[in-house]
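What follows draws every value from the coordinates through simple rules; no lab data is involved. Just so you know, these numbers come straight off a predicted model, no measurement behind them. Every residue, glycine as well, gets a Cβ built from its backbone with ideal geometry; the counts of neighbours run over all protein chains shown.
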Amino acid sequence: MRSMILQVISAALVPLTLVFSIYLLFRGHNAPGGGFIAGLVTSLSIILIFLAYGMEFFNKISFLKFNRLFALGLAFAVLTGLGAIIGGKPFLTSKSHWHLPLLGDAEIPSAMFFDLGVYFVVVGVVLDIIHTLAEERKWGMEDKK
Amino acid sequence: MKDSIRILLVVFLPFLFALLPAVWPAQRKKSLAWFCLLVPLAVFILIMPWLNRVEGGQQLWIDINWIPTIGVNFEFLVDGLSVLFSLIISGIGVLVFLYSIYYLHDHENFHRYYAALLAFMGSMLGVVYTRNLVVLFVFWELTSLSSFMLIGYWFHRKESRYGALKALFITGTGGLFMLAGFVLLALACRPSSGSISFDLREIFAYAAANPTAIAESPYFTAMLLCILVGAFTKSGQFPFYNWLPDAMAAPTPISAYLHSSTMVKAGIFLMARLFPLFGGTDLWFHVVGGGGTITMVLCAYMALKHYDLKRILAYSTLSTLGLITACYGYGTKIGIHLNNFHIMNHAFYKACLFMIAGIIDHATGTRDIRELGQLRKHMRYTWLIACVAALSMCGIPLPPVMGFLSKEFLFEQVMHLYHEDHSLWFYPLAAFLTACFTVGYSLKLIVPVFWGTANKGTEHCHGEAPFGMLLGPGLLAVGIILGGCWVALPDSFVLKLFLASDFVPQQQEVTTILHTNVAIWHNFSAFALTASVIVVGLLIYKFIRRFDGILDKGGNPTEWPDRFYNFSFDGTIKGATFVSNIAQDGNLRHYVFLTFFAIVALLSGAYLWNDGTITFVKDTTVPNFWAICLAVITVASILLVIFYPHRLAKIFFLGVVGYAVCLFFFFYRAPDLALTQLLIESVSLLLFLLVFYRLPHFDYEDEPKLRRIVDGMLSLAVGCVMFFFTYNAISQPLFDNITPYFIENTIPKAHGKNVVNTILVDFRGFDTMGEITVLCIAAMGVYALLKIHRKVKKK
């Protein structure tokens, strides 16, 4: 039994929350937000799809294996640190001013990429755990006394 | 090419290419194997130009920062010793990679094999090139780990799993001791003004400036023994030799590479590197010299008792390693300077023999010498190569082989030792016995296999091995003969390399001694010695069976290390199971009870033990009206959680408590925390609901009344303890507030206005990296536990 109201609302809400989570990710360095929060919002919105539409639909649309996602995130984080070593500084030193060849000067803190890695890890971990747990039983709302 | 780039390539290129099998398509296995062959070849070519640079005794020092604040940096030293070892590693690596292509069967998955093999090669190169002790330890452990993956390659076989675990535990434990020894060494050599340094260059400089600093340091015995435990476990010296024969469960190319030429030599390399610091001391002489000698004789004897080709070779390797170790222990001039000659020699003939054993295994399906015979009719080239290698192992001068020269030098040393001190008669006797046993087991390797009577193994023989498989051992055999013929050639080449390392006191004297001694028939007594060794060896081989039972009657003391290992391993597992069964009986409520009880007991116990007092701070500010409302709501929800009948509703009330905390954060102006709390609460609610359906039906009213009272009291106790603990911590601040530093520096240093975020990803980024790693491990754990449970349920 699927709730029609939930399906309609989530169809409208999920794209909005996904965009909002990306916004939270990018604004993290200068305003409340950041990798952890954005990751949680993204995973919650995908869980909303799962709640509304069920397990089979969820499996059909998830083209990504979640364990690869969090491994990718961890790799991002470590590679950002290694990038500092290539630049001759100790591990995980951050750099903000870049002199790009064609585009001129840019100010992007390298901690941004680290945050991106954190984001992928959170999304991957939460979705992986929820997916694994949910597969054990068909989702249904029963009342247990 | 700049030296720093070259050294980085040499050490890290194999690691980089170790990632390649992960992305290589699964079908094209043969092309992966051929591509991986290029890596050791590339490393070999990269090392060649350094040969000229280190010849005159020069060294190259290359430094790359890693963690400068605790003195751990990638500091490399390129000198004769490291270049020699790296040439062996990469050169034999090329041959082993080539051999693997033909050895591994088509149906196997090569990706794991090549990834681990390349990682091993990189770590071994790291061990020989680094001069920072902690980085050396890191690479040392990496060799243990990759060796574990390689020995256990056929993980479905019980003996592979056993051998891999045994090797890992023994060498890993040794590695930890070694690290302790390194720290003690760095402490002993700490300059009075500066901070501690793990750089060998500075340690040597300190030791040169204060010659007695190390020997008279209070840590001396502990330091030396710990480091030697590390070296002895890796090189399989007495009493840690029992892991190597069981490591023969690995595929043969791995045995040829790791367990004969490279990994087991790491311990020897360490002893060579640290020799200038510890060399003259008595403790070194007795432990290293004595231990090496015992290993030498014992393992040569044990080689005579086995019938598996690879096991005989394993004990033979241990015996030779014992010989080299003993020579480092004796500390005679000839011994130190010419040990490397024997290292190179051993690498050549042992790798060759292992590859031959693999060829025989491939062709006939068996490695037991009792099932083989008359193979020389079917496998001509294999027979020739095996004979050359075996002759080098025995030290027989015909045809001229390098092994003969090694044996000569060994006898020189022990006689020199005896002349100096006549009470050391054990050493020449041991050397003589070892040489005889060596002849004995070499005969055992060759004669029953290639001559003798044909058995069922020979009947299965497919014929000669493919050319590619023979190329590796063939090249090594050619090298052995060439080395023997041109006596000056390998000798001066190796000698130049070794003299190039820092640690040679009198270069001139050594070269003159060498020039007078290097010749094959240099005097009659040496010739007589060799002849008698050969005769005694032949006799031993013939009559060994008669003496077989004698040692076994005494309870076979050679097996004691093995028995001890098995006993401690099984004992640890049994002990752990016993403790787990007491504490973890499967009932979740008991676990929760125990956990909370432990928290209360430990916290209050520690507080009362230290005579803690509770201070109440008089804070007269009236809290926010909304905060009071929230507090009331929170308390009300908690009471509803305890007393409301419906289980599902209880979970939702828990969620209300969580959201109330979120609102607290909101009112006290912590937006990031509020957001995080809100989202985490939602996710936890969902997780709880999902797990909820797996829990069995349970009615708390059915529990006995006493149980409910005890539970209630424990809950109250936990609440009170946490309340007093937190209250006390807030009211007496022990440290200065760190917030001002972060608020001041967030824009200039981290270029971000959100202090919480910059702390997370920039200032304390390393902690965050650790946290996300833990998250990944938790996810993998949940996945693994649930999937295993499903498999068990299906059964």
- Query: Counting each DSSP H run of 4 or more residues in chain B as -39500 (n - 2.57), what helix-only mean residue ellipticity at 222 nm follows after dividing by all residues, to the nearest 500 deg cm²/dmol?
  - Reply: -24500 deg cm²/dmol
- To two decimal places, what compactness ratio does the range B:697-783 give when its Cα radius of gyration is scaled by 2.2 N^0.38 Å? 1.82
- Query: Over the range B:73-171, how many percent of alpha carbon pairs lie in each 5 Å bin up to the one with the longest distance?
  - Reply: 2, 13, 18, 21, 19, 14, 8, 4, 1
- Largest first and in whole Å, give the semi-axes of the range B:604-707's equivalent ellipsoid, each being the square root of 5 times a Cα gyration tensor eigenvalue. 30, 24, 15
- Task: Return the Rg/Rh value of chain B, two decimal places, where both radii are evaluated on C-alpha atoms and Rh is the Kirkwood radius.
- Result: 1.07
- Note on the structure: Per 10 angstrom bin, beginning at 0 and ending with the bin that holds the maximum distance, the Cα pairs of the range A:1-91 fall in percents of 15, 33, 30, 14, 6, 2
- Query: For the cross-link pairs B:377/B:407; B:158/B:456; B:158/B:574; B:166/B:444; B:574/B:787; B:305/B:350, which exceed 21 Å when the distance is taken from alpha carbon to alpha carbon?
  - Reply: B:377/B:407; B:158/B:456; B:166/B:444; B:574/B:787
- What number comes out for the charge environment of residue B:458, summing +1 per Lys or Arg and -1 per Asp or Glu over other residues with Cβ under 15 Å away? +1
- Note on the structure: Taking the range B:734-795, the equivalent ellipsoid from its C-alpha gyration tensor has semi-axes in Å, biggest first, of 42, 12, 7
- Task: Run a plain Debye calculation on the range B:407-477 (Cα atoms as equal point scatterers, no solvent) and give log10 I(q)/I(0) at q = 0.19, 0.28 Å⁻¹, rounded to two decimals, same order as the q list.
- Result: -0.88, -1.15
- List, largest first, the extents of the alpha carbons of the range B:206-280 along their principal axes, each in whole Å. 49, 20, 15
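Return the ratio Rg/(2.2 N^0.38 Å) for the range B:102-227, where Rg is computed over Cα atoms only.
With N residues counted in the range B:102-227, Rg over 2.2 N^0.38 Å equals 1.37.
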- Message: Can you compute the radius of gyration and Dmax for the range B:9-73, using only the Cα atoms, both in Å?
- Response: 16.9, 50
- Message: Please list the three semi-axes, largest first and in whole Å, of the ellipsoid equivalent to the range B:321-391, using sqrt of 5 times the eigenvalues of its alpha carbon gyration tensor.
- Response: 33, 12, 9
- Message: Taking the number of other C-beta atoms within 10 Å as the exposure measure, put B:460, B:362, A:99 in order starting with the fewest.
- Response: A:99, B:460, B:362
- Task: Could you let me know the centre-to-centre spacing of the range B:658-688 and the range B:731-764, using Cα atoms, in angstrom?
- Result: 22 Å
- Could you give the angle, 0 to 90 degrees to the nearest 10, between helix B:488-499's Cα long axis and the longest principal axis of the Cα atoms of chain B? 30 degrees
- Message: Given the protein assembly as shown, report the % of alpha carbon pairs whose separation exceeds 36 Å.
- Response: 61 percent
- Task: Quick one: angle between helix B:705-731 and the longest Cα principal axis of chain B, in degrees between 0 and 90, rounded to 10, please.
- Result: 90 degrees
- Within 10 Å of each Cβ of A:20-31, how many other protein chain Cβ atoms are there on average? 3
- What Kirkwood radius, in Å to one decimal, follows from the Cα pairs of the range B:163-318? 16.6 Å
- In the P(r) worked out for the range B:234-351, what percent of Cα pairs fall beyond 24 Å? 21 percent
- the range A:38-94 - Rg and Dmax from Cα coordinates, angstrom: 16.9, 51
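Using Cα pairs under 8 angstrom and six or more residues apart, how large is the relative contact order of the range B:76-175, in percent?
It rounds to 26 percent for the range B:76-175.
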- Note on the structure: Taking every other residue with Cβ under 14 Å from the Cβ of residue A:77 and scoring Lys and Arg +1, Asp and Glu -1, one gets -3
- Task: From zero up to wherever the largest Cα-Cα distance of the range A:16-145 sits, split into 5 Å bins and tell me the percent of pairs in each.
- Result: 2, 10, 15, 18, 16, 13, 9, 7, 5, 3, 1, 1, 0, 0
- Message: Using a 10 Å cut-off around each Cβ of peptide B:644-650, what is the average number of partner chain Cβ atoms that fall inside?
- Response: 2
- Query: To the nearest 10 degrees, how steep is helix B:507-517 against the longest Cα principal axis of chain B, on a 0 to 90 scale?
  - Reply: 40 degrees
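Taking the Kirkwood radius as the inverse of the mean 1/r across Cα pairs, report the Rg/Rh of the range B:1-124.
In the range B:1-124, Rg relative to Rh is 1.04.
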